[in-house]
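Comments concern the structure below.
The values are calculated or read from the model by the stated rules, or taken from the named source; none is laboratory data. The shown structure was predicted, so the numbers you read here are calculated from the model rather than taken from an experiment. Cβ placement follows ideal geometry from the backbone for every residue including glycine, while neighbour counts extend to all protein chains displayed. Areas reflect the complete protein model, heavy atoms only, side chains present, ligands, DNA and RNA absent. Shrake-Rupley method; radii C 1.70, N 1.55, O 1.52, S 1.80 Å.
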Amino acid sequence: MKVIALAGLSGVGKTTFLKSLNTRDKFVHLEASKIIKLQKAALEGNIPTSEDLRLGDLDDNQKLLILGIEEIAKSDAELAVLDCHTVIDDGKELIRITSDVFKTLGVKLFVFLQGTPAKIKEHREKDSSRERPLRSEFELMEHQNVGISHTEAICAVLNIPCKILTNLQSTEMDEILENFLTVDSY
């Protein structure tokens with residue numbers, strides 16, 4: 001199974017973006033947080049909240065993500081898009097996910113979904129299903145810049161392509177997915 005990582009700040013609209021694609025029937029949409037929650041539930045017997053994940057042991061969560069992806073990789077799916085983060089805001093600081101996690105997951109290409117800080121803030125305020133640290137537009141802009149830089153650094157370490165898109169560029173994402181399916185060099 002080929003894996004593309006779609007990263008971006010929490011609230012940027014990664015899931016909505018993926019649902020808008022014309023190629024959505026050609027890939028499996030994997031949500032990192034859901035995979036970790038399912039793995040934790042299987043081990044501990046209760047489903048954790050998004051807040052539990054955000055504040056929990058990052059290394060343990062990444063190990064559970066890897067286990068979950070390994071199970072999914074056994075399926076017949078040819079292409080998976082992993083809806084994920086490269087930085088996580090724990091309320092005090094931004095925690096960077098290591099390139100080793102993405103290497104182990106077999107990520108062959110990164111797309112970072114960039115949004116306007118005002119829209120990200122608006123999405124976060126409207127989403128009552130998750131608790132997130134309150135951030136100003138300026139802080140969100142800074143966090144997004146760190147996320148982009150860190151994603152580019154991960155791609156440099158892994159020697160894989162990195163694309164920066166906005167949620168208005170669904171056609172470009174469809175083209176990336178089509179090319180990814182037809183090219184063997186990834």
- Query: Among E122, E131, which is the only one that is more than 14 Å from R96 (Cβ to Cβ) and over 18 Å from the mean Cα position of the chain (by Cα)?
  - Reply: E122
- Message: Can you pull out every residue in segment 30-48 that is open to solvent by 70 Å² or more (accessible area, probe 1.4 Å) and of a type in the set (S, T, N, Q)?
- Response: N46
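Tally up the residues in segment 13-29 that are outside any loop (DSSP other than H, G, I, E, B) and crowded, with 19+ Cβ neighbours inside 10 Å, please.
Within segment 13-29, residues that are outside any loop (DSSP other than H, G, I, E, B) and crowded, with 19+ Cβ neighbours inside 10 Å number 3.
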- Note on the structure: Checked segment 1-12 for anything outside any loop (DSSP other than H, G, I, E, B) and not aliphatic (A, V, I, L, M); matches are K2
- Message: If a residue must be within 22 Å of S75 (Cα to Cα) and either without any contact (Cβ under 8 Å) to a residue 60 or more places away in the chain or of a type in the set (A, V, I, L, M, F, W, C) (or both), how many such residues does segment 15-49 contain?
- Response: 21
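What are the residues in segment 58-75 that are of a type in the set (D, E, K, R) and surrounded by 15 or more Cβ atoms within 10 Å (Cβ to Cβ), if any?
K63
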- Can you give me the ranges of the helices (runs of 4 or more DSSP H) entirely in segment 76-181 with at least 2 residues that are surrounded by 15 or more Cβ atoms within 10 Å (Cβ to Cβ) and either without any contact (Cβ under 8 Å) to a residue 60 or more places away in the chain or among the acidic types (D, E) (or both)? 99-105, 137-158
- Message: Please verify whether A73 is touching a residue at least 12 places away in the same chain (Cβ under 8 Å) and closer than 24 Å to Q169 by Cβ, treating the condition exactly as stated.
- Response: no
